[in-house]
Amino acid sequence: MSTPIDIAFIGGGNMATAIIGGLLRQGREPASILVIDPVAEQRQRLTENLGVQTAEGPEAILSTARTVVWAVKPQQFKDAAQSYALLTDQALHYSVMAGLRTDDMARLLGTPRIVRAMPNTPALVGQGMTGLFARPEVSHDERDQIEQMVATTGAHLWVDQEADLDAVTALSGSGPAYVFYFIEAMMQAAQDMGLSADQGRQLAQATFAGATALAQQSPDSPATLRERVTSKGGTTYAALTHMDGAGIKAAFIEALRAAQRRAAELGDEFGR
């Protein structure tokens with residue numbers, strides 16, 4: 001392996017693959033990207049499908065990388081950092097690991113130049129939402145560099161305090177699961193009302209996509225848009241009144257708070 005690399009990924013799973021695919025669409029040379037993953041099948045897939053360089057473990061060429069993306073499971077980071085810290089102290093570090101805080105990463109990597117991200121799975125189709133936090137040691141140019149990389153997977157939002165990423169985790173990080181949950185419920189309701197599961201899925205998916213597009217393009221608030229669909233005594237009114245009576249909105253908000261609390265707990269656990 002002699003070709004210098006620009007960006008290295010520690011871990012080659014779905015999120016790494018989504019980012020790499022976006023970088024290649026931007027015009028990045030595949031040979032300038034190195035992915036380190038211990039699973040042979042994963043390395044073969046990345047090489048065959050994306051043309052990037054791969055390795056099973058630490059390689060001296062890592063010292064040429066300007067950016068290192070951490071895409072391993074958080075519980076694996078401590079051991080991985082011991083193997084890679086001396087080879088990556090020159091790089092900007094970008095973490096897509098859930099929960100792991102930058103203070104703990106900086107301690108284990110020996111560098112404070114870290115950007116922490118909370119992406120979500122729609123990044124796989126270029127429709128992701130990524131929350132970002134940069135430590136003070138990260139320069140404006142490096143923040144711009146990260147924005148360019150993240151733009152290939154969808155939208156992004158910077159937060160000023162790292163603790164706010166716990167809320168981002170609860171809303172957008174876990175958020176796709178909530179949408180899928182409601183799609184599942186609508187599919188079940190469709191079958192209960194005599195439609196097929198496939199018909200229910202088509203109706204639910206198109207409704208979520210259309211409503212989201214309308215909310216994005218309209219200057220009006222979601223509350224105003226909801227009110228325009230809700231005629232007193234009508235079908236939408238009946239459904240929303242039932243939901244309010246069942247306490248669904250309050251329960252949903254509390255569910256997001258539970259996710260936020262769990263995100264903070266994971267940070268405590270993984271930083272030990």
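Specify the residue that is modelled with the lowest pLDDT; the eligible residues are those in the stretch 1-29 that are in contact with a strand residue (DSSP E or B) (Cβ under 9 Å, 6 or more places away or on another chain) and part of a loop (DSSP other than H, G, I, E, B).
Applying the filter and picking the extreme gives Met1.
Quick one: what pairs do we get from the stretch 209-230, first residue free of Cβ contacts under 8 Å to residues at least 60 places away in the same chain, second polar (S, T, N, Q) and in a helix (DSSP H, G or I), C-beta under 9 Å, 6+ apart or different chains?
Ser218/Thr224; Arg226/Thr236; Val229/Thr236; Thr230/Thr236
With Gly247, Gly271, Gly267 as the choices, which residue is small (Gly, Ala, Ser) and either out of contact with any Lys or Arg (no Cβ under 9 Å at 6 or more places or on another chain) or within 16 Å of Tyr181 (Cβ to Cβ) (or both)?
When all the criteria are applied, what remains is Gly247.
Mind checking whether some residue in the stretch 53-63 is under 23 Å from the mean Cα position of the chain (by Cα) and among the hydrophobic types (A, V, I, L, M, F, W, C)?
no
Mind checking whether some residue in the stretch 75-84 is outside any helix (DSSP H, G or I), out of contact with any Asp or Glu (no Cβ under 6 Å at 6 or more places or on another chain) and closer than 30 Å to Ala263 by Cα?
No, the stretch 75-84 contains no residue that is outside any helix (DSSP H, G or I), out of contact with any Asp or Glu (no Cβ under 6 Å at 6 or more places or on another chain) and closer than 30 Å to Ala263 by Cα.
State which residue pairs qualify: first residue within 15 Å of Ile10 (Cβ to Cβ) and in the same structural domain as Gly13 (by TED's automatic domain parsing) and inside the stretch 43-66, second residue of a type in the set (Lys, Arg) and at pLDDT 90 or above in any location, beta carbons under 9 Å apart, and separation of 6 or more residues or different chains.
Once the first residue is within 15 Å of Ile10 (Cβ to Cβ) and in the same structural domain as Gly13 (by TED's automatic domain parsing) and sits in the stretch 43-66, its partners that are of a type in the set (Lys, Arg) and at pLDDT 90 or above give Thr54/Arg43; Ala55/Arg43; Glu56/Arg43.
Just name the residue that is farthest from the chain's Cα centre (by Cα) out of those in the stretch 102-142 that are within 20 Å of Arg25 (Cα to Cα) and either assigned to a helix (DSSP H, G or I) or not assigned by TED's automatic domain parsing to the domain that holds Gln82 (or both).
That would be Val125.
Quick check on the stretch 150-166. Is at least one of its residues assigned to a helix (DSSP H, G or I), charged (D, E, K, R), at pLDDT 95 or above and surrounded by fewer than 18 Cβ atoms within 10 Å (Cβ to Cβ)?
yes
Under 9 Å between Cβ atoms, at least 6 apart or on separate chains: pull out the pairs that start in the stretch 249-272 with a residue that is closer than 15 Å to Asp103 by Cα and end on any residue that is among the aromatic types (Phe, Trp, Tyr) and part of a helix (DSSP H, G or I).
Note: pairs meeting the criteria are Phe270/Phe77.
Among the listed residues Val35, Val39, which satisfies the condition of being in contact with a strand residue (DSSP E or B) (Cβ under 6 Å, 6 or more places away or on another chain) and among the aliphatic types (A, V, I, L, M)?
Val35
(1) surrounded by 13 or more Cβ atoms within 10 Å (Cβ to Cβ); (2) assigned to a helix (DSSP H, G or I): which one isn't true of Leu214, the others all being true?
Only one criterion in (1) surrounded by 13 or more Cβ atoms within 10 Å (Cβ to Cβ); (2) assigned to a helix (DSSP H, G or I) is unmet by Leu214, namely (1).
What number of residues within the stretch 185-211 satisfy the criterion of being surrounded by 14 or more Cβ atoms within 10 Å (Cβ to Cβ) and not polar (S, T, N, Q)?
Going through the stretch 185-211 one residue at a time, the tally reaches 10.
Within the stretch 88-108, can one find any residue that is surrounded by fewer than 23 Cβ atoms within 10 Å (Cβ to Cβ), out of contact with any helix residue (DSSP H, G or I) (no Cβ under 7 Å at 6 or more places or on another chain) and closer than 16 Å to Met15 by Cβ?
So far as the stretch 88-108 goes, no, none of its residues is surrounded by fewer than 23 Cβ atoms within 10 Å (Cβ to Cβ), out of contact with any helix residue (DSSP H, G or I) (no Cβ under 7 Å at 6 or more places or on another chain) and closer than 16 Å to Met15 by Cβ.
Among the residues of the stretch 2-31, which ones are surrounded by fewer than 16 Cβ atoms within 10 Å (Cβ to Cβ) and farther than 18 Å from Asn120 by Cα?
If the condition is that a residue be surrounded by fewer than 16 Cβ atoms within 10 Å (Cβ to Cβ) and farther than 18 Å from Asn120 by Cα, then Ser2, Thr3, Pro4, Asp6, Arg25, Gln26, Gly27, Glu29, Pro30, Ala31 are the ones that fit.
Select from the stretch 167-177 the residues that are under 15 Å from Ala263 (Cβ atoms) and surrounded by 13 or more Cβ atoms within 10 Å (Cβ to Cβ) and list them in ascending order.
Ala167, Val168, Thr169, Ala170, Leu171, Ser172, Gly173, Ser174, Gly175
Could you check the stretch 32-46 and list, in sequence order, the residues that are crowded, with 21+ Cβ neighbours inside 10 Å and closer than 16 Å to Glu59 by Cα?
Ile33, Leu34, Val35, Ile36, Asp37
The values are calculated or read from the model by the stated rules, or taken from the named source; none is laboratory data. Only a predicted model underlies this, so the values are computations on that prediction, with no experimental measurement involved. Using ideal geometry, Cβ is built from the backbone for each residue, glycine included, and neighbour counts are taken over all protein chains shown.
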